[in-house]
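Read-outs: derived from the displayed coordinates by stated rules, not from any lab. It should be emphasised that the depicted structure is a prediction, and the values quoted were computed from it without experimental measurement. Because the Cβ atoms are built from the backbone with ideal geometry, glycine has one as well, and the counts that use them run over all protein chains shown.
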Amino acid sequence: MASAAKPQTVPDALGHFGPYGGRYVPEILVAPLDQLDATYNEAAGDPEFQAELDELFRQFAGRPTPLYHARRLSRHLGGAEIYLKREDLLHTGAHKINNCLGQVLLSRRMGKKRIIAETGAGQHGVASATVCALFGFNCRVYMGEEDMRRQSLNVFRMRLLGAEVVGVDAGSRTLKDAISEAMRDWVTNFETTHYLLGSALGPHPYPRMVRDFQSVIGREARRQFMAMLGGSLPDLLLACVGGGSNSIGLFHAFLGDERVRMVGVEAGGRGPKLGDHAARFSGGGPGVLHGTYSYVLQDDDGQIALTHSVSAGLDYASIGPEHAWLHDEGRVEYLSSSDEEAIEAVKLLSRMEGIIPALESAHAVAEAVKRAPQAKGQTFLINLSGRGDKDIGIFRENMPDLG
């Protein structure tokens, strides 16, 4: 039988995980961040808040999500037994709804009925628009124009749900630039507006708060795996890492289980040259971006570097501060899968299991495919954080043989 996990990591009072995290923002945002921190801490200790969130998870989002044994894929690879945490089956198609439901309840608690959000792959934007429709709130979503092109289906979904989608044509026209525009909006409208940040990054308290809302993934997976395998825990956890919310959501419940290894998979893009990937631990270094101190891809002059990934949700120059700390502590291993490897993983999972994954999730599947043949007798648990409907246009571009 597996022993119970030890108490999990929390940041200090100023939001630091080791040296990382904190709050690097204009003075005008200090008060709204203090309000958010106080509101979250109050809500976290309120049984009625948690009961309402749990009810929304069950009745609206579709939790708990299944733990699925990918038997055909496991046999095909001839090594480890592979299990999938099916976050792709959630309402809106990805794990993002977990955090959005939590934050919209906080926004209501603060009396703020205007929501702004950023999105890359569009899934956080769709989830934000969805919870705003549910609660009758105004919603504006900032999205880089390049991501709007890549994720046109999700742009339509957001607009159908009643959200205003604002294209950002600055910089690389991707997630980094969308976050920058959302923060500019917040500076101007913080008295009436809540910024529903979509990943475990940004200024304190966002990294802890988003992680806590997403930690339902790992708590469920831990119980489900032990029930399915007679009390055993997985040998290896794998999850893709952009900002890092789906991965820390899975990892958090297992951090105290020393025998459970964890791998976060970044976007290897086209190759190792700066500007051709979004692998922050391969060529990046400590720096500040969007209000937090973490690993950042930057050039020799300290300017934020351009990034690339076939998956819009991983195409970001920094990473959440808790991941930076877990990397330095050696608790989690971080590496990358290339665009090509992710595309091949989409094909393989689709044809072996009848499951079309999001391109982001496919990066984690690709790493499992590489490791499984040499891991006979081991068990792998992959967080399948989203489904691939949104990526069909990109699949068609990269799979010309399918017509």
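Got at least one residue in region 390-402 being assigned to a helix (DSSP H, G or I), out of contact with any Asp or Glu (no Cβ under 8 Å at 6 or more places or on another chain), free of Cβ contacts under 8 Å to residues at least 60 places away in the same chain and among the aromatic types (Phe, Trp, Tyr)?
Yes: one or more hits.
Tell me yes or no: at least one residue of region 267-290 is buried (at least 24 other Cβ atoms within 10 Å of the Cβ), touching a residue at least 12 places away in the same chain (Cβ under 8 Å) and more than 26 Å from Asn398 (Cβ to Cβ).
Looking through region 267-290, at least one residue is buried (at least 24 other Cβ atoms within 10 Å of the Cβ), touching a residue at least 12 places away in the same chain (Cβ under 8 Å) and more than 26 Å from Asn398 (Cβ to Cβ).
Kindly list, by first and then second residue, each pair from a residue in region 308-333 that is aromatic (Phe, Trp, Tyr) to a residue that is surrounded by fewer than 20 Cβ atoms within 10 Å (Cβ to Cβ) and not in a helix (DSSP H, G or I), limited to pairs with Cβ atoms under 7 Å and residues at least 6 apart or on different chains.
Trp325/Gly18
This table checks each residue for (1) of a type in the set (Val, Ile, Thr); (2) in contact with a Lys or Arg (Cβ under 8 Å, 6 or more places away or on another chain); (3) buried (at least 16 other Cβ atoms within 10 Å of the Cβ).
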position: Thr9; (1), (2), (3): yes, no, yes
position: Gly15; (1), (2), (3): no, yes, yes
position: Pro19; (1), (2), (3): no, no, no
position: Arg23; (1), (2), (3): no, no, yes
position: Leu33; (1), (2), (3): no, yes, yes
position: Ala38; (1), (2), (3): no, no, no
position: Gly45; (1), (2), (3): no, no, no
position: Ala61; (1), (2), (3): no, no, yes
position: Ser74; (1), (2), (3): no, no, yes
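Being out of contact with any Ser or Thr (no Cβ under 6 Å at 6 or more places or on another chain) and either buried (at least 24 other Cβ atoms within 10 Å of the Cβ) or hydroxyl-bearing (Ser, Thr, Tyr) (or both) is the filter here, so list the residues in region 76-89 that pass it.
Scanning region 76-89 gives Tyr83, Leu84, Lys85.
Looking at (1) in a helix (DSSP H, G or I); (2) of a type in the set (Ser, Thr, Tyr); (3) in contact with a strand residue (DSSP E or B) (Cβ under 8 Å, 6 or more places away or on another chain), which is the one condition that is false for Tyr142?
With respect to (1) in a helix (DSSP H, G or I); (2) of a type in the set (Ser, Thr, Tyr); (3) in contact with a strand residue (DSSP E or B) (Cβ under 8 Å, 6 or more places away or on another chain), Tyr142 is out only on (1).
What are the residue pairs meeting all of these: first residue in region 337-351, first residue under 23 Å from His69 (Cβ atoms), second residue charged (D, E, K, R), Cβ atoms under 7 Å, and 6 or more apart or on different chains?
From region 337-351, the pairs are Ser337/Glu367.
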